[in-house]
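In what follows, a single structure is set out as structure tokens and then discussed.
The values are calculated or read from the model by the stated rules, or taken from the named source; none is laboratory data. Please read these numbers as outputs of a predicted model, since none were measured by experiment. In this analysis, Cβ positions are derived from the backbone assuming ideal geometry, glycine residues included, and neighbour counts consider all displayed protein chains. These area figures cover heavy atoms from the full protein model, side chains too; ligands, DNA and RNA do not enter into them. Shrake-Rupley method; radii C 1.70, N 1.55, O 1.52, S 1.80 Å.
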Amino acid sequence: GVPGVNHLAYEVDDVETLHQRMTAAGYEDSTPPNNHPWRKRVYFYDPDGNDWEFIQYLTDDPAKRHDYEIQDK
């Protein structure tokens, strides 16, 4: 309920490789559970505590990309 930025997000081509690079660089992983058939996501905190999302879509279908009825586990 408080106005403000929750996180910043970027679309990437290969979330697995990005995850390895960010981890190796010492960034803190803040990824919540997310097991979705049409997207992969990872989150990291920067040194100032900002949360960054990196998302890889596994389909070109916008309805599937943004289907929030499917529960992430």
Mean accessible area per residue over the chain (1.4 angstrom probe, all protein chains present, square angstrom) is 73
Measuring from a point 7 Å past the Cα of GLU11 along Cα-to-C-beta, which residues in the range 25-56 have an amide N at less than 14 Å?
-> 39-40, 54-56
The answer for THR31, listing residues at least 5 apart or on another chain whose modeled amide H is closer than 5 Å to its amide H, is TYR43
Relative packing of 50-56, 27-33, which averages over residues the other C-beta atoms within 10 Å, highest first | 50-56, 27-33
Accessible surface, 1.4 Å probe, highest first, among residues HIS66, HIS36 = HIS66, HIS36
Which residues qualify? For VAL12, with a placed amide H closer than 5 Å and at least 5 residues away or on another chain, they are ILE55, GLN56, TYR57
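Using a 1.4 angstrom probe with every protein chain in place, what is the largest-first accessible-area order of TYR43, TYR10, TYR57?
Largest accessible area first, the list is TYR10, TYR57, TYR43.
Starting from the Kirkwood Rh over alpha-carbon pairs, what translational D in µm² s⁻¹ does the chain have by Stokes-Einstein at 25 °C and 0.890 mPa s? If you can, show how the numbers build up before the last one.
Values: Rh = 13.2 Å.
My calculation gives 186 µm²/s for D.
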